[in-house]
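The structure appears right after this line, and notes come after that.
The values are calculated or read from the model by the stated rules, or taken from the named source; none is laboratory data. All values reported here derive from a predicted model rather than from experimental measurement. We work out accessible area using only protein heavy atoms, side chains counted, and drop any ligands, DNA or RNA first. Shrake-Rupley method; radii C 1.70, N 1.55, O 1.52, S 1.80 Å.
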Amino acid sequence: MEGQNGKESAGQEKGTSKAELKASYQHFDPALYLQRHYTPPRASFDNKDNVVPWKLGLIHRAFTEGDLKGDVLVDIGSGPTLYQVMSGCERFNRVILSDFVEANRRELQNWLQGKSNSLDWTPFFQHVCKLEGRSPEAWSEKAQRLRSVVTDVLPVDIHQPNPLPLDALPPSGADCLISCYCLEASSPDLASFNKALGHIAGLIRQGGHLLLIGTLEISFYYPAPDVRIPVMRLDEAQVCSSLKNCGFQLQDLSVYYLPQDMHKTTDDARSMFFAKARKQ
Ligand SMILES: C[S@@+](CC[C@H](N)C(=O)[O-])C[C@H]1O[C@@H](n2cnc3c(N)ncnc32)[C@H](O)[C@@H]1O
């Protein structure tokens with residue numbers, strides 16, 4: 001397989017194994033990923049139809065509707081991003097971030113320690129403040145709140161029956177688990193996606209919640225200049241049946257179609273889903 005610059009890529013489109021995917025992820029470039037996915041045109045606050053306001057709005061609604069709160073919120077496959085815990089950090093006493101790739105964990109630690117970061121998260125914090133009915137100027141208080149509640153940035157592997165280190169969570173499990181674009185981007189096929197969903201379901205307490213964001217129509221993305229990662233294609237019906245088969249009751253499902261001006265050559269994502277589900 002050819003990379004963007006014509007070099008051999010680490011991933012294989014057909015028959016990629018979990019081991020090959022894991023090897024490809026070791027080349028993940030946090031700064032490049034953030035720049036491609038979290039700056040304009042892919043991320044914009046000026047356009048109300050942009051994917052970032054879409055997902056921030058749904059995450060905000062997921063926590064406020066039904067007054068979802070608790071002790072522990074865990075984010076699986078955080079990558080180098082923080083947007084996904086900006087609402088939840090107000091509603092949980094502890095937030096645990098996690099990623100498979102050390103460079104991503106380092107990027108998160110840098111932000112937590114106030115060191116220089118590859119992306120300025122200020123507009124994201126400001127947007128979430130507005131969703132919460134606060135002044136955008138409250139963004140630095142929110143950033144401080146997030147820094148104060150994140151207790152760990154842990155290694156994770158969703159393909160292990162116990163994805164997180166032992167004793168990372170209370171014995172009963174997390175009150176809420178969020179995971180964005182991780183399962184389908186690190187599973188070679190539906191069977192391993194379902195298995196991984198079962199593994200992360202095991203991290204949630206009975207009656208706890210799962211917030212899952214993923215890409216539906218996609219076949220690849222580049223998390224580093226020469227690394228093409230094949231991504232499995234999902235559809236809405238598969239998401240619903242996978243959740244049901246893993247013991248979840250679906251509470252909300254939304255689908256987003258990327259407008260033409262957000263299509264890029266570094267991935268072929270066309271639609272995404274957001275799901276809120278309760279572990280029965
Ligand atoms: C598309 S990125 C998503 C990052 C971030 N959550 C976001 O919303 O942009 C996929 C993430 O899955 C992580 N990942 C890859 N293999 C994994 C595995 N076996 N277990 C857990 N996470 C994995 C990668 O390191 C990467 O950060």
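Brief remarks on what is shown
- Note: relative contact order over the chain, using C-alpha pairs below 8 Å and six or more positions apart, is 21 percent.
- Built amide H within the under 5 Å cut-off of residue 228, gap 5+: 10, 11
- Within the chain, DSSP assigns beta bridges of which about 55% are antiparallel (rounded to the nearest 5).
- Candidate aspartates and glutamates - alpha carbon under 14 Å from residue 18, same-chain residues fewer than 8 apart omitted: 157, 184, 189
- Set against the 2.2 N^0.38 Å expectation for a compact globular protein, the stretch 185-225 has a Cα radius of gyration ratio of 1.44.
- Set against the 2.2 N^0.38 Å expectation for a compact globular protein, the chain has a Cα radius of gyration ratio of 0.94.
- Mean residue ellipticity (222 nm) of the chain, computed from DSSP H runs ≥ 4 via -39,500 (n - 2.57), nearest 500: -9500 deg cm²/dmol
- Given 69/142; 142/279; 22/276, the pairs whose alpha carbons are separated by over 20 Å: 142/279; 22/276
- Backbone HN-Hα couplings from phi across the stretch 246-251 [Karplus 6.51/-1.76/1.60, Hz, Gly and Pro as x]: 8, x, 9, 9, 6, 10
- Taking each residue as 0.36 nm, the span from residue 249 to residue 71 lengthens on full extension beyond its C-alpha to C-alpha distance by 62.0 nm.
- The stretch 100-256, accessible surface, carbon-and-sulfur percent (1.4 angstrom probe): 48 percent
- For the stretch 182-228 versus the stretch 53-77, the inter-centroid distance based on Cα atoms is 18 Å.
- Interatomic Cα distance distribution for the stretch 40-161, bins of 10 angstrom, percent: 13, 43, 37, 7, 0
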